[in-house]
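The values are calculated or read from the model by the stated rules, or taken from the named source; none is laboratory data. The structure displayed is predicted, hence computed values, not measured ones. Heads up, the Cβs are rebuilt from the backbone with ideal geometry, glycines too, and the neighbour counts pull from every protein chain shown. Heavy atoms of the whole protein, side chains included, go into the accessibility calculation; ligands, DNA and RNA do not. Shrake-Rupley method; radii C 1.70, N 1.55, O 1.52, S 1.80 Å.
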Amino acid sequence: LFAQNRIEVSGGELRFSKLVLEDSGMYQCVAENKHGTVYASAELTVQALAPDFRLNPVKRLIPAARSGKVIIPCQPRAAPKATVLWTKGTELLVNSSRVTITADGTLILQNISKSDEGKYTCFAENFMGKANSTGILSVRDATKITLAPSSADINVGENLTLQCHASHDPTMDLTFTWSLDDFPIDFDKSEGHYRRASAKEAIGDLSISNAQLRHSGRYTCTAQTVVDSASESATLTVRGPPGPPGGVVVRDIGDTSVQLSWSRGFDNHSPIARYLIEARTLLSSQWKQMRTNPVNIEGNAETAQVVNLIPWMDYEFRVLASNILGVGEPSLPSSKIRTKEAAPTVAPSGLGGGGGAPNELIITWTPTLRDYQNGDGFGYIVSFRRKGSQAWLRARVPHAESLHFVYRNESIAPYTPFEVKIKAYNRKGEGPESLTAIVYSAEEEPKAAPYRVIAKSVLSSEMDVSWEPVEQGEVTGVLLGYEIRYWKDGDKEEAADRVRTAGLVTSAHVTGLNPNTNYHVSVRAYNRAGTGPPSPSTNVTTTRPPPKRPPGNISWTFSGSTVSIKWDPVVAKADESAVTGYKVRAWPGGDPGKSQGSGTQHSLFPQMLYRQDSHSAPTLYLTSKSHIDIPIPEDFTHAFVQIRVTGPGGDGTPAEVHILRNSGTSMMVEDSGMRPAPHVVVLTTNSLLMVALISSLEL
């Protein structure tokens, strides 16, 4: 095999030259060393084929544009490779200025004219045989741009249409495509900025909406058919606010000023007019515009001084450029810096005080914010003296968060006026002093007690208490009010409930008492130091509670514009207060059908719906008898009525009835048993319909 000199093995490769059919077969490569042996196999197939166009014939109809170029491949299947010749009709084609036959047999015709139409045949031949394939060249009108897009300048946010019209061979379809800086525009991913302005085949206008800076560039319109294409371009300039400045650097750091420098950003096709400087501190994430020197920073500047800063404060800075179209995006923040320390420049505020224990003077103020401390080692210097005295006493309070100072001295009399002032300091020095304030030393509890205390039961759970006040001279300091203490008979005063009044009032209304209970009552004056001695206690007994049972057997009669209602009198039990009369409350209403609607809840609880829907205000009537006449205008179709007892113990549980007007007389019969839930009775007499609801609802 190797004697034939056509096959050689070199470095793991098996090489063949001048293949023959007999070279076909399976070949195996064996590799071995001391560790073992591996095998790899491959099959070699040697083909010998006559040229065959069945898989790749020349295209039957070949359209081409006038004055354009056409490429006609010739790719028969052949082994070995076939020799290729081209003819037009009976004319053999050879390479010329307009005709090119490439090495792989492709025919290229350029600057095509109508005379180039005709049949083109590719002949292929090898030692196995020969074959040919023919196509017909058809010359079409060329595609041309008839209205090209024009370059334009617009501002950010404006709209624009770039025009592009074309002519083409009417036998072919025409399509338009657009690109920006040679990148195709995807209309589906343009977020609504791009759309086609016309549906006409020969018009490919591009509409740009809400133009942004990124839409600047070279736009190319391409009109294309299957045989050729034509393109024209235009430049769009979108002007907008400047881009962010770069490289913000802080230097020359002082206590209230720094020097900033930056590099110029893009002007986005509109000259930069001025710069703004913003800053934020560690106390706030909000950026604020800063004062600068110069006040107005011109557009050609790249440095400025920032003034009126807070001493001993951490800052970040950023720069913004602006032009006639607006303020641009800010620069990246500078590195954080801290201004130098300085003595405080603001006096503490909120100076006051008072209160405390005997022989004490308490001075208070509002702690100074971090913004105004100006340096490390911050504290307060408090100065004070008795009013009228010449000598000032001073005390240092070395903590920034401190908010009071206590001075103790046995010589301090109660409620003595002191002149007080305060200033701040840090390790750089002392700040300005505040205005002088008057602060009083601690008060003493009132020494006198109120007198002539009178307690009177009002209802079963309430009482009124009145007293004569203490004299102002018997109170050291400011009288804040009085404290009423009350406790049940048999209890200790230490367990008393307490009610406080404010100011100089000399009476109080006390609620939440138990019915029919004896109470002891005393009154004390109080100020900021505490309560004074008690008054002599007085006794009061609350009244018995009102009867629990509501009026029963309610009946009524309509007569014109009056409804007469009567009921059985309520008799108080031994543990209930006497009945002195009745309270009747009435709500006249319109058409009940309009207010009740429909549904189970409406039929079971008409009084709830009635009070929700009625536009009438209720009217209260008082009577000492067990009957009453109530005016109900004739144009009102129904009424909702509550009846309850009243007396020294207060008001009792109401009975509630809902009356529908018609004619005749009816009576609401009360359920004689215990009623865990409202009881509804519906009675019809003659042509009168009445719904009565007894409920334990309070007015």
- Item | Share of carbon and sulfur in the accessible heavy-atom surface of region 303-373 [1.4 Å probe, %] | 55
- Message: Under 20 Å between alpha carbons, and skipping anything fewer than 8 positions from Lys583 in its own chain: which lysines qualify?
- Response: Lys548, Lys566, Lys573, Lys625
- Item | Positive-end extreme of charge dipole, the chain - chosen from Leu147, Gly217, Ser96 (charges on Cβ) | Ser96
- Message: Could you work out how much longer the chain between Lys625 and Gln28 gets when fully extended? Use 0.36 nm per residue separation minus the Cα distance between them, nm to one decimal.
- Response: 202.0 nm
- Query: Averaged per residue, what accessible area in Å² does the chain show with a 1.4 Å probe, protein chains only?
  - Reply: 54
- Note on the structure: For Asp497 and Thr557, extending 7 Å from Cα along the Cα-Cβ vector and measuring point to point gives, in nm, a value of 4.8
- What 222 nm value per residue comes from the helices of the chain, counting each DSSP H run with n ≥ 4 as -39,500 (n - 2.57) and dividing by all residues, nearest 500 deg cm²/dmol? -500 deg cm²/dmol
- Task: Determine which residues of region 124-144 fall in the zone a paramagnetic label at Arg60 would reach in this model, i.e. backbone nitrogen under 13 Å from the point 7 Å along Cα→Cβ.
- Result: 134-136
- Note on the structure: In debye to the nearest 20, the charge dipole size for the chain, taken about the Cα centre with +1 at each Lys and Arg Cβ and -1 at each Asp and Glu Cβ, equals 640
- What number, in percent, do you get for the relative contact order of the chain if the mean sequence gap of Cα pairs under 8 Å and at least 6 apart is divided by its residue count? 6
- Item | Correct option for Kirkwood radius over Cα pairs in Å [calculated from the coordinates] among (i) 40.7; (ii) 29.0; (iii) 38.4 | (i)
- Item | Amide H partners (placed H, <5 Å) of Val563, local residues excluded | Ile630, Ile632
- Note on the structure: Taking a label point 7 Å from the Cα of Val346 along Cα-to-Cβ, the residues of region 369-405 whose backbone nitrogen sits under 13 Å from it are 369-375
- Item | Across Lys387/Lys428; Lys144/Lys200; Lys336/Lys423; Lys288/Lys340, pairs whose alpha-carbon gap is larger than 28 Å | Lys387/Lys428; Lys336/Lys423
- Collect residues whose amide H, placed 1.01 Å from N in the peptide plane, falls under 5 Å from the amide H of Ile62; neighbours closer than 5 in sequence don't count. Ile136, Leu137, Ser138
- By how many nm would the segment from Gln212 to Arg452 lengthen if fully extended, with 0.36 nm per residue of separation less the alpha-carbon distance? 77.7 nm
- Note on the structure: Here, Asp635 and Ile136, labelled 7 Å along Cα→Cβ, have an inter-label distance in nm of 9.7
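DSSP beta bridges in the chain, what fraction antiparallel, as a percent rounded to 5?
The answer is about 95 percent antiparallel.
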- Note on the structure: Phi-derived 3J(HN,Hα) across region 317-325 with the Karplus relation (6.51, -1.76, 1.60, θ = phi - 60°), rounded Hz, x for Gly and Pro, is 10, 8, 10, 10, 9, 9, 9, 5, 9
- Task: Could you grab the relative contact order for region 451-541? Cα pairs under 8 Å, six or more apart, rounded to a whole percent.
- Result: 35
- Task: Report the label-to-label distance for Met128 and Thr436 in nanometres (one decimal), using points 7 Å from each Cα along the Cα→Cβ vector.
- Result: 12.4
- Non-local residues with an amide H under 5 Å from the amide H of Ile208, with H modelled 1.01 Å from N and Pro and chain starts lacking one, are Leu160, Thr161, Leu162
- Note on the structure: A 1.4 Å probe over the protein heavy atoms gives region 49-140 a carbon and sulfur accessible-area percentage of 54
- Note on the structure: Expected sort for 336-346, 436-446, 492-502 on mean C-beta neighbours within 10 Å, highest first, is 436-446, 336-346, 492-502
- Message: Which aspartates and glutamates, if any, have their Cα less than 20 Å from the Cα of Lys119, not counting same-chain residues under 8 positions apart?
- Response: Asp52, Glu91, Asp141
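Work out the FRET efficiency for Leu369 and Phe266 from their Cβ-Cβ distance, taking R0 = 41 Å, and round it to the nearest 0.05.
Calculated transfer efficiency: 0.50.
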- Multiply the residue separation of Arg338 and Thr580 by 0.36 nm, subtract the distance between their alpha-carbon atoms, and state the gained length in nm to one decimal. 78.9 nm
- Message: Around Glu329, under 15 Å between beta carbons, what's the net of Lys plus Arg minus Asp minus Glu among the other residues?
- Response: +1
- Query: Along the positive direction of the dipole of the chain (beta-carbon charges: Lys, Arg +1; Asp, Glu -1; about the Cα centre), which of Trp178, Asn111, Ala413 reaches farthest?
  - Reply: Asn111
- Query: Quick one: with all protein chains in place, what share of the accessible area of region 144-239 is carbon or sulfur, to the nearest percent (1.4 Å probe)?
  - Reply: 46
- If R0 = 22 Å, then Glu117 and Ile71, at their Cβ-Cβ distance, give a FRET efficiency to the nearest 0.05 of 0.85
- Task: With both partners inside region 49-140, how many of the DSSP beta bridges are antiparallel, as a percent to the nearest 5?
- Result: 85
- Message: Explain nothing, just the number: dipole magnitude of region 49-140 about its Cα centre with +1 on each Lys and Arg Cβ and -1 on each Asp and Glu Cβ, in debye rounded to the nearest 20.
- Response: 280
- Message: Give me a comma-separated list of calculated 3J(HN,Hα) values for region 640-654, in order, Karplus coefficients 6.51, -1.76, 1.60 applied at θ = phi - 60°, integers in Hz, x for any Gly or Pro.
- Response: 10, 10, 10, 10, 8, 7, 9, x, x, x, x, 9, x, 6, x
- Which whole-number percent gives the relative contact order of region 411-476, counting Cα pairs below 8 Å spaced six or more residues apart? 29
- Among Phe636, Leu660, Gly375, the residue whose Cα sits farthest towards the positive end of the charge dipole of the chain, when +1 is placed on the Cβ of each Lys and Arg and -1 on the Cβ of each Asp and Glu, is Gly375
- Message: Going Cα to Cα from Lys88, which aspartates and glutamates come in below 13 Å? Please leave out same-chain ones fewer than 8 positions away.
- Response: Asp116, Glu117
